[in-house]
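These notes are about the structure you will find just below.
The values are calculated or read from the model by the stated rules, or taken from the named source; none is laboratory data. Just so you know, these numbers come straight off a predicted model, no measurement behind them. Note: ideal-geometry Cβ built from the backbone for every residue, glycine included; neighbour counts use all protein chains shown.
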Amino acid sequence: MSYCRMNGEDSDIYLYNDITNGRICMSCPMIGDGEGHVLMPNAKDAIAHCKKHRELGHKVPAYAFTRLREEAKEEAIKQKKWMKEFFAMVKKNDKKKKDRMRREKPKIDKIMKQLEKSSTNKQG
């Protein structure tokens, strides 16, 4: 679904969401002769791109910004959730490593004692 369509009235750009590539500014007037497309992976980048259009005097409707801002909030929430899950997983893995080290410590201590004995026997 598009955020806005180039219609000459309220929009000079055609911006839409493609589920595989993110947001696309089709035939972007900022790219050469307007034949290029700009791909933006998230709503935050799309907002920045639309602001550049406005700075150049291109018409970008307010409703496009409104929808992009709503999506940017949703993306931020999803990203925070993902980060929280990721760090919980890392912490869990660290706990597993610590538990493993605790289990392995007696074995390591035994090997170290054997090495110490063998080195003192060689010296003496």
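Brief remarks follow.
- Tabulated pairs, the range 28-55, first within 18 Å of E75 (Cβ to Cβ), second polar (S, T, N, Q) and assigned to a loop (DSSP other than H, G, I, E, B), C-beta under 6 angstrom, 6+ apart or interchain: L39/N21
- Single residue of R54, R67 found to be surrounded by 10 or more Cβ atoms within 10 Å (Cβ to Cβ), in contact with a strand residue (DSSP E or B) (Cβ under 7 Å, 6 or more places away or on another chain), assigned to a helix (DSSP H, G or I) and modelled with pLDDT of 95 or more: R67
- Among the conditions (1) polar (S, T, N, Q); (2) free of Cβ contacts under 8 Å to residues at least 24 places away in the same chain; (3) in contact with an Asp or Glu (Cβ under 6 Å, 6 or more places away or on another chain), the only one that Q79 does not satisfy is (3).
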